[in-house]
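*Asks:* Provided herewith is a single structure, encoded as structure tokens, for subsequent inquiry.
The values are calculated or read from the model by the stated rules, or taken from the named source; none is laboratory data. The shown structure was predicted, so the numbers you read here are calculated from the model rather than taken from an experiment. Neighbour counts are summed over all protein chains in view; Cβ atoms, including those assigned to glycine, are modelled from backbone coordinates with ideal geometry. Quick note on the areas: whole protein, heavy atoms, side chains included, nothing else; ligands and nucleic acids left out. Shrake-Rupley method; radii C 1.70, N 1.55, O 1.52, S 1.80 Å.
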Amino acid sequence: MIREFLRRVAALIKKEFITIWNDPKTKGIIIGMPLMQLLIFSNTSTMEVQNIDTVILDRSKSVESRELISRFEYSPRFRGFYYVDNEDDFKKYFDVQKVQIGLNIPNDFSRKVKSGKGAIVQVVSDGRQTNSAAIGAGYAGQIISGYSNDLMGEPDTGINITVRNWFNPNLKYKWYILTIIVSMLSLVTTLILTSLSIARERELGTFDQLIVSPLSSFEILLGKSIPPLCIAMTLTMIMTGIIIVFFKIPFVGSVALFLLSMTISLLAIVGVGLFISAISNTQQQAILSAMTFMMPAVLLSGFLSPVEDMPMCLQYLTYLDPVRFFMVLSRGIFLKGMGLGDVMANIIPLIIIATITLTLASRTFKRKLG
Amino acid sequence: MRGQTQYIYPVEADNLEKRYGSFYAVKNNTFKIKKGEIFGLLGPNGAGKSTSFKMMCGLAKPTSGTARIMGIDIIKHPAKARSNLGYMAQKFSLYGSLTVRQNLNFFALVYGISILKRKAKVDEIIEVFGLKEYEKCPAEELPLGLKQRLSMAAALIHNPPVLFLDEPTSGVDVLTRRDFWNHITSLAKKGVTILVTTHFMDEAEFCDRISLFYKGQTIAVGTPKELKQKAGANDMETAFINLIKESEVDK
């Protein structure tokens, strides 16, 4: 019995691999797409604000104002500088979105600095890009207060702040984004691969041929889950290798825990994908449903904004989202070296999700027969 | 002894019924097929022959009633019943991107042929169906006639005692059709029980017995000769039309 079971499952798995490999489109989905996106994302998606263009209206034209401006010029954050001598031109640079930050130094700047009465400098930022505006203005504030401290000459009075960033000391945004991009890409690949698999067979009529064969639902389920899982795991490992070797992101956690949590996370996604596939009649339906799942799942995962910032009811909803746990695990193990206890706390919900979705999927194979 | 009595009819439909709301797609369908018999399901489109066929092999769930293959209930023991069944769909439904040999290998394993015996079995079936020169060709690149032949080969790879064919010759040229029926009749002589649906009247003549389907119900069962006599017609086509008209009048 067991031998026949294994033989049938092995035949299915082999067939899946051959069909995936022989189809150029599917091959593109599993090789080309993730690697290309890894390259693109790693170089484009950044929330660091750099290369800030600045317009400067210096009415003071004094030693002090020059000193302040040169501090901006030598900051790595700021790039292009436009010097104007009236407010209209100042405004124009914002209107055409040439600059993100503007620096307005009034006539009496030098006099007030010298007299120690407290000078005023205006920093204007382009609020249309909310986030970069705030960050850019923050940098400008730091430079100005740095200059101010130097003028006062007594930095040790009052409270001095020392900031230390744990797990990512230099706050390199790439560290953050790349670990997540890797898990996102393996997630999308797995979801597409699995959501197409049964729908395609149904479209081509081959699924009927499987149903009339002695294969049981469970065997079909195994045959349909193992190949995408293997492919996604291989892909994850390759991409992880790439970001460690080429992007020099330190892997501080346990490799075994990382592999374990990746396998279980991907299994939960396989379950979702197969369930979507089992209820779809065509590949088109399957892809659309996969996308419908993806968008909210990614938004609720804490990828774009932390789960803790969401309204309470949505926070509860995130417990249904496999991507949420997936994200915590990949980032946590990769950058923080998350321990066994924390890993388990995130793996158990994933196991529950995987069990439910896989069971639903295998039930739906047959239910769909009508 | 009990086993023997069960095996008298390799294929049985027992009051098969399929209902959608108050509409009966198939009503009260009962028939028994003897060993080595070619049994044809005939009827116009939408008469319910496809639905009956699907319920017989477990692709659709009957609202009530059941079917038995080699005495095994298809609903209670689907996997066991299906291992006795060779199935060929109307539409080509093997894996297009797999080669002829890979397809046959796959179905051989799925139907429980051991790895050791598999090669010999696949070689044999490739030989019998004359697929030798195409064995490395992806199935989707074969012409239709050969695709049908491959489907039949895949359906027969495990030597099933029962073979179900759903419009096996639709879209195939005359020569290939003749070829096909030669295969089917020789299989029946070897004791394979065959259930076939068709809408070609000349093919109906090849069947040992025919069940005529109309509006979800069987309106006549018998040998082609009996049906023609009953309808007072010389050929199947007229018999077919007459019998349908009669059933309309009865209502």
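*Asks:* Tell me which residues, restricted to the range A:99-119, are open to solvent by 50 Å² or more (accessible area, probe 1.4 Å) and either in contact (Cβ under 8 Å) with a residue 24 or more places away in the chain or in contact with a Phe, Trp or Tyr (Cβ under 8 Å, 6 or more places away or on another chain) (or both). Explain how you work it out, then say what you get.
*Replies:* Taking the range A:99-119 and keeping what is open to solvent by 50 Å² or more (accessible area, probe 1.4 Å), we get A:107, A:111-112, A:114-117.
If the condition is that a residue be open to solvent by 50 Å² or more (accessible area, probe 1.4 Å) and either in contact (Cβ under 8 Å) with a residue 24 or more places away in the chain or in contact with a Phe, Trp or Tyr (Cβ under 8 Å, 6 or more places away or on another chain) (or both), then A:Asn107, A:Lys114 are the ones that fit.
*Asks:* Further question: Residues of the range B:176-191 being without any contact (Cβ under 8 Å) to a residue 12 or more places away in the chain and more than 14 Å from B:Met152 (Cα to Cα), which ones?
*Replies:* B:Arg178
*Asks:* Name the residue, out of A:Leu178, A:Leu193, A:Leu185, that is surrounded by fewer than 22 Cβ atoms within 10 Å (Cβ to Cβ) and either within 14 Å of chain B (Cβ to nearest Cβ) or under 30 Å from A:Leu39 (Cβ atoms) (or both).
*Replies:* Values: A:Leu178 fails: surrounded by fewer than 22 Cβ atoms within 10 Å (Cβ to Cβ); A:Leu193 fails: surrounded by fewer than 22 Cβ atoms within 10 Å (Cβ to Cβ).
Going through A:Leu178, A:Leu193, A:Leu185 in turn, the sole match is A:Leu185.
*Asks:* Another one. Please work out which one of (1) surrounded by fewer than 22 Cβ atoms within 10 Å (Cβ to Cβ); (2) more than 7 Å from every other protein chain (Cβ to nearest Cβ); (3) under 18 Å from the mean Cα position of the chain (by Cα); (4) in contact (Cβ under 8 Å) with a residue 24 or more places away in the chain is the condition B:Pro78 fails and give its number.
*Replies:* For B:Pro78, the exception is condition (4).
*Asks:* Hey, among the residues in the range A:202-219 that are open to solvent by less than 10 Å² (accessible area, probe 1.4 Å) and out of contact with any Ser or Thr (no Cβ under 7 Å at 6 or more places or on another chain), which one's nearest to A:Phe326 (Cα to Cα)?
*Replies:* A:Glu219
*Asks:* Moving to a separate point now. Just a yes or no: is a residue in the range B:145-160 surrounded by fewer than 16 Cβ atoms within 10 Å (Cβ to Cβ) and of a type in the set (Ser, Thr, Tyr)? Talk me through it step by step, then tell me what you get.
*Replies:* From the range B:145-160, those surrounded by fewer than 16 Cβ atoms within 10 Å (Cβ to Cβ) are B:159; that's our starting set.
Subset that is of a type in the set (Ser, Thr, Tyr): none.
No, the range B:145-160 contains no residue that is surrounded by fewer than 16 Cβ atoms within 10 Å (Cβ to Cβ) and of a type in the set (Ser, Thr, Tyr).
*Asks:* On the given criteria, is B:Ser114 more than 25 Å from B:Gly216 (Cβ to Cβ), within 10 Å of chain A (Cβ to nearest Cβ) and touching a strand residue (DSSP E or B) at 6+ places or on another chain (Cβ under 9 Å)? Full working, then the answer.
*Replies:* Values: more than 25 Å from B:Gly216 (Cβ to Cβ): yes; within 10 Å of chain A (Cβ to nearest Cβ): yes; touching a strand residue (DSSP E or B) at 6+ places or on another chain (Cβ under 9 Å): no.
No; evaluated as a whole, the condition is false for this residue.
*Asks:* Quick check on this structure: which one of A:Val96, A:Val63, A:Val55 is more than 14 Å from chain B (Cβ to nearest Cβ) and buried (at least 17 other Cβ atoms within 10 Å of the Cβ)?
*Replies:* Working: A:Val96 fails: buried (at least 17 other Cβ atoms within 10 Å of the Cβ); A:Val63 fails: buried (at least 17 other Cβ atoms within 10 Å of the Cβ).
Unique residue meeting the criteria: A:Val55.
*Asks:* When the range A:18-50 is examined, which residues are found to be within 14 Å of another protein chain (Cβ to nearest Cβ), assigned to a helix (DSSP H, G or I), surrounded by 15 or more Cβ atoms within 10 Å (Cβ to Cβ) and not polar (S, T, N, Q)?
*Replies:* Looking only at the range A:18-50, we keep the residues that are within 14 Å of another protein chain (Cβ to nearest Cβ), and these are A:18-27.
In the following step, the residues that additionally are assigned to a helix (DSSP H, G or I) were identified as A:18-22, A:24-27.
Still in the list and also surrounded by 15 or more Cβ atoms within 10 Å (Cβ to Cβ): A:18-20, A:22, A:26.
Result: A:Ile18, A:Ile20.
*Asks:* So which residues in the range A:144-179 are modelled with pLDDT of 75 or more, assigned to a loop (DSSP other than H, G, I, E, B) and aliphatic (A, V, I, L, M), if there are any at all?
*Replies:* Passing the criteria: only A:Val163.
*Asks:* Taking the range B:112-128, which residues are at pLDDT 90 or above and open to solvent by less than 40 Å² (accessible area, probe 1.4 Å)?
*Replies:* Result: B:Lys121, B:Val122, B:Ile125, B:Ile126.
*Asks:* Is at least one residue of the range A:272-294 at pLDDT below 90, open to solvent by 20 Å² or more (accessible area, probe 1.4 Å) and outside any helix (DSSP H, G or I)?
*Replies:* Yes, the range A:272-294 contains at least one residue that is at pLDDT below 90, open to solvent by 20 Å² or more (accessible area, probe 1.4 Å) and outside any helix (DSSP H, G or I).
*Asks:* For the range A:312-345, what are the residues that are in contact (Cβ under 8 Å) with a residue 40 or more places away in the chain and open to solvent by 30 Å² or more (accessible area, probe 1.4 Å)? Walk me through it before giving the result.
*Replies:* Step one: list which residues in the range A:312-345 are in contact (Cβ under 8 Å) with a residue 40 or more places away in the chain, which gives A:322-323, A:325-327, A:329-338, A:340, A:343.
Matches in the range A:312-345: A:Arg331, A:Lys336, A:Gly337, A:Leu340.
*Asks:* Residues of the range A:5-17 being touching a residue at least 40 places away in the same chain (Cβ under 8 Å) and either of a type in the set (Ser, Thr, Tyr) or open to solvent by 20 Å² or more (accessible area, probe 1.4 Å) (or both), which ones?
*Replies:* The answer is A:Phe5, A:Arg8, A:Ile13, A:Phe17.
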